[in-house]
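Worksheet for the structure shown next.
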Amino acid sequence: MSTQETARFVRLRVELVLEIEDENAVTKAALSRIADDESMPDEERAHAESAVTEDTAEALAQLVDPFDLVGDVPGVELLQASWSGEEVDYDPDSAEWDLDEGDDDEPYDEEEGTERVG
């Protein structure tokens, strides 16, 4: 079978750093999303409401859906996704936050789409 005749699996990693300008708005939107989810069992709903009320990062994670990111991409089916939110100390001037750091240091194998090691 040729490559075009077989399925390929790709792990896409996305990291976002967001600034929360209005915690109440985020929490309110998350609570609304939870309330509108008719398929959510009552016990899970109570846990989710508590989590988003106590932690804005959890509220944001409730609102961001990876399925929305790729749902309209032709020829792609999302098989599995996981995501979470956490509060972080962010310094845009720190080398720790340079997302492109190291990209030029590692040889890239264009045919495989991976970094070569060694």
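The values are calculated or read from the model by the stated rules, or taken from the named source; none is laboratory data. Just so we're clear, the structure is a prediction, and the values are computed from it rather than from any experiment. Quick reminder, even Gly has a Cβ in these numbers, built from the backbone with ideal geometry, and neighbours come from all protein chains shown. Only protein heavy atoms, including side chains, enter the accessible area calculation; ligands, DNA and RNA are left aside. Shrake-Rupley method; radii C 1.70, N 1.55, O 1.52, S 1.80 Å.
Kindly indicate whether residue 54 is closer than 29 Å to residue 13 by Cβ and crowded, with 16+ Cβ neighbours inside 10 Å.
Taking the combined requirement at face value, the residue does not satisfy it.
If I filter segment 36-46 for residues that are in a loop (DSSP other than H, G, I, E, B) and open to solvent by less than 60 Å² (accessible area, probe 1.4 Å), do I get at least one hit? Steps first, answer last, please.
Of segment 36-46, the ones in a loop (DSSP other than H, G, I, E, B) are 37-41.
Checking the rest, the ones that are also open to solvent by less than 60 Å² (accessible area, probe 1.4 Å) come to 37, 40.
Within segment 36-46, one or more residues are in a loop (DSSP other than H, G, I, E, B) and open to solvent by less than 60 Å² (accessible area, probe 1.4 Å).
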